[in-house]
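FYI, it's all coordinate maths here, none of it is from the lab. Please read all numbers here as calculations on a predicted model, not as lab measurements. Cβ placement follows ideal geometry from the backbone for every residue including glycine, while neighbour counts extend to all protein chains displayed.
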Amino acid sequence: MFKKVKTEKIRVSVAVFLVLTLLSAAVPFSALAADSSATSADSATMLLASMGVISADSSGSYNLSKSLTRAEFAKMLVMASSYKDSVATASVSSPFRDVPAKNWAAPYIKIAAAKGLLSGYSDGSFRPDNTITLEQGVNSVLKLLGYTQSDFTGAFPYAQMNLYSSSGLSANIAGGIGTLMTKGDAASLIYNMMGTSIKDGTKKYAETLGYSLNDSGEVDYAGVISANMYGPYTVKSSSWASELGMNTSNLIIYKNGSVVAASEVEKYDLLYYSQSKSSVWVYDDRVTGIYEKASPSQNAVTAVTVSGTEYQLESTAAFAALSSAGTLKIGNTVTLLLGKNGGVADAVAITVLNESVMMYVTEAGTKTYSTASGSSYTSKYVKGIKPNGSEVEYAISQDWVDVGDIIKISFDKDDNMNINPVSSGGKIAGKVDADLRTIGSTAVSANVTMLDTNLGNYAATSLSRLNGVTIKSDDVLYYEASNGQITSLILKDVTGDTMEYGVVTSAKSNNSGMSLSGSYTYLLDGAQATLTTQSSTLNVHAGPAKFYGESGEISMIRNLTATGTRIKSFNSTQVSVDDDIGTYPISGNVSVYTKTSTTYKISTLSAALSAYQSNKTVSFYYDKDPAAGGQIRVIVY
């Protein structure tokens with residue numbers, strides 16, 4: 001089975017953000033420090049904010065570049081420790097003459113001092129407004145990890161800073177002894193601490209707080225988030241905040257992963273919330289279709305089948321709506337409200353939201369379904385991706401729908417499904433400017449969802465990926481806009497990221513009688529496969545190539561283009577060549593091979609860099625001009 005060229009389902013949930021961003025280290029915390037605005041909704045921000053370690057101001061900014069006071073650091077330490085549950089009862093008094101009991105930081109300073117994480121001065125003061133140095137912060141974190149002064153020899157802080165550098169605590173933090181910590185430095189330090197082993201080596205620090213490890217032995221950061229939130233809660237009115245005992249004036253609200261204003265929370269959105277952290281997470285992913293089946297039965301339903309796809313229930317509200325005691329019956333058209341884990345958190349009748357579904361079709365065909373009574377039936381079906389990035393599937397009766405179409409599915413009052421082709425109703429064109437968040441003269445929302453598509457394949461993309469690329473009107477399949485800003489965009493093969501890249505190791509054409517065929521052996525990710533065409537030959541030769549076909553089934557191969565041979569510089573993100581193009585960005589998924597004679601072996605980018613630095617010949621292959629979205633896809637040395 002050939003690999004389908006799709007990214008992961010890009011439903012924007014906290015769990016997905018954390019797994020993809022934190023565990024793969026795709027977005028280091030230093031990137032967050034460079035941009036103190038919370039609108040980027042970096043997952044590390046969510047993690048630390050959900051724990052109460054950091055918080056944003058009323059504008060949604062975390063102010064990570066500002067200097068950090070001793071009082072602010074005391075709070076961060078306590079909220080990142082097992083002592084955080086003692087805060088509520090610790091504000092009666094203060095052990096320091098310059099920290100009144102009524103001071104906001106008094107309970108945190110009292111705990112930090114009592115547990116030996118921070119100390120006062122000989123004159124009985126704490127000096128809460130003084131800035132704190134990196135080595136002082138490191139010393140406090142090492143104490144949380146179980147180290148004491150007896151573990152270090154020599155003058156402070158040299159041994160402590162050596163351990164800081166060797167243990168991974170220093171990741172993405174600049175500076176050394178004497179450097180004043182910023183809020184971003186402290187956040188990075190605490191974030192790094194979460195995945196660092198405690199002194200005796202028995203567990204990661206996050207495990208001491210009750211969090212678990214995933215199958216890879218890394219901290220399950222999704223569990224960290226989940227452990228600090230309540231819900232789901234279905235929004236039924238504009239007074240949702242007061243109903244939850246919260247005030248919108250001091251809330252940080254994440255909707256589908258980005259910081260938004262309270263006015264952007266709409267009826268029938270789903271909320272998860274933390275009162276103690278003044279944070280709310282909002283989701284608006286929905287599926288509309290025919291309620292076909294309840295499993296194991298409607299009396300004890302734990303999963304429902306809607307338009308041919310099964311969804312697990314994840315709340316009592318969903319059970320109440322979809323069970324036999326609810327108002328939604330099998331055969332009705334319903335809208336499922338999906339929660340943060342992709343399960344059904346609630347459900348309403350189609351008349352409540354009058355929801356229609358827009359989708360880019362990734363599959364179309366025929367399959368067998370089961371009815372509520374257990375009998376089976378065969379139906380045409382379509383599967384696709386919605387503009388918000390979630391996948392849906394529907395059993396249909398129409399036979400004109402094809403892979404690559406954009407369609408709108410709606411239901412009338414008699415529960416009849418209607419399918420109509422969709423065009424964008426207008427075109428977006430121009431050069432992409434990621435800093436200005438524009439495509440030509442059109443503004444792009446900070447919460448935009450962007451997909452690039454080709455032959456039923458899709459890949460999530462972004463303004464930063466498209467920066468500097470000129471989008472033509474024909475490149476835009478569909479877009480949605482709100483308040484003059486693009487909120488969803490579906491492109492047609494702009495980036496080339498829907499394809500796979502590797503090398504053709506053998507290309508043979510055979511002419512036998514009336515049939516013309518070709519046989520091609522190739523490597524993708526180091527694995528060998530063969531493509532045989534029955535009716536035509538592909539104009540391809542041995543060497544680096546791109547591979548693609550409808551819905552991920554590889555049926556086409558095209559050779560890549562080599563850059564000029566006069567390489568001026570080469571690093572992990574780009575190669576500079578003395579030719580007409582000049583600079584070529586390197587794909588984050590670049591395929592690297594070593595070649596001896598005609599034999600290719602999979603290698604790594606770092607190995608290719610080492611080869612280049614050793615004056616070995618390194619060749620670079622790209623799919624198209626970088627100004628049109630192209631990148632270096634294959635490197636051979």
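Remarks
- Highest to lowest packing among 375-387, 571-583, scored as the average C-beta count within 10 Å: 375-387, 571-583
- Cα gyration tensor shape for region 370-468, rounded if a/c is under 1.5, else prolate or oblate: prolate
- Spin-label model, residue 202/residue 565: points 7 Å from Cα along the beta carbon direction are separated by 6.3 nm.
- Estimated vicinal HN-Hα couplings, Hz - region 237-251 in sequence order (Karplus 6.51, -1.76, 1.60; Gly, Pro = x): 7, 6, 9, 4, 5, 5, 5, 8, x, 10, 10, 5, 5, 10, 8
- Mean separation of Cα pairs under 8 Å and 6 or more residues apart, divided by the residue count, gives region 561-636 a relative contact order of 31 percent.
- Prolate/oblate/rounded label for region 436-505 (Cα gyration tensor, a/c 1.5): prolate
- Full extension of the chain segment joining residue 148 with residue 123 gains 6.6 nm, where the gain is 0.36 nm per residue of separation less the Cα-Cα distance.
- Cleavage-rule hits (trypsin sites (Lys or Arg not before Pro)) in region 500-593: DSSP loop, at most 16 neighbouring Cβ within 10 angstrom: 566
- DSSP-defined antiparallel bridges as percent of all bridges, the chain, nearest 5: 85
- Proximity of backbone amide H atoms, modeled 1.01 Å from N, is registered between residue 285 and 338 at under 5 Å, excluding neighbours fewer than 5 places apart on the same chain.
- Here the residues 415, 474, ranked from fewest to most Cβ neighbours within 10 Å of their Cβ, fall in the order 474, 415.
- Label point 7 Å beyond Cα of residue 379 along Cβ direction - residues of region 301-335 with amide nitrogen under 16 Å: 304-311, 329-335
- Shape of region 128-270, Cα gyration tensor, a/c cut at 1.5: prolate
- Anchor residue 183: aspartates and glutamates whose Cα lies under 17 Å away (excluding residues fewer than 8 positions away in-chain): 35, 42, 57, 72, 129, 135
- Two-site label geometry, residue 249 and residue 467: point separation in nm, points 7 Å out along Cα→Cβ: 3.8
- Here the peptides 439-449, 76-86 are ranked by packing, the mean other Cβ count within 10 Å, and the order with the highest first is 76-86, 439-449.
- Over the chain, relative contact order from alpha-carbon pairs under 8 Å, at least 6 apart, %: 9
- Amide H contacts of residue 303 (H built 1.01 Å from N, under 5 Å, at least 5 apart or other chain): 295, 313
- Eligible lysines near residue 329 by straight Cα distance, threshold 24 Å, same-chain separation 8 or greater: 236, 267, 293, 380, 413
- Only helices enter this figure: runs of n ≥ 4 DSSP H residues, each worth -39500 (n - 2.57), summed and divided by the residues of the chain, yield -4000 deg cm²/dmol at 222 nm to the nearest 500.
- Rg to Rh quotient for the chain, alpha carbon positions, Kirkwood Rh: 1.01
- As a proxy for reagent exposure, ranking 260, 280 by other Cβ atoms within 10 Å from fewest up yields 260, 280.
- In order along region 137-149, the phi-based Karplus estimate (6.51 cos²θ - 1.76 cosθ + 1.60, θ = phi - 60°) of 3J(HN,Hα) comes to x, 4, 4, 5, 5, 4, 5, 5, 7, x, 7, 10, 4 Hz; Gly and Pro are listed as x.
- For residue 481, the residues whose modelled amide H falls within less than 5 Å of its own, excluding neighbours fewer than 5 places apart on the same chain, are 487.
- Difference of contour (0.36 nm per residue) and Cα-Cα distance, residue 165 to residue 413: 82.7 nm
- Taking all Cα pairs closer than 8 Å and separated by 6 or more residues, the relative contact order of region 117-237 comes to 21 percent.
- Here the Karplus curve 6.51 cos²θ - 1.76 cosθ + 1.60, taken at θ = phi - 60°, turns the phi angles of region 189-206 into couplings of 4, 6, 4, 5, 4, 4, x, 9, 5, 6, 3, 7, x, 7, 7, 6, 4, 4 Hz, with x standing for Gly and Pro.
- Computed lengthening from residue 435 to residue 262, 0.36 nm per intervening residue step minus Cα-Cα distance: 59.7 nm
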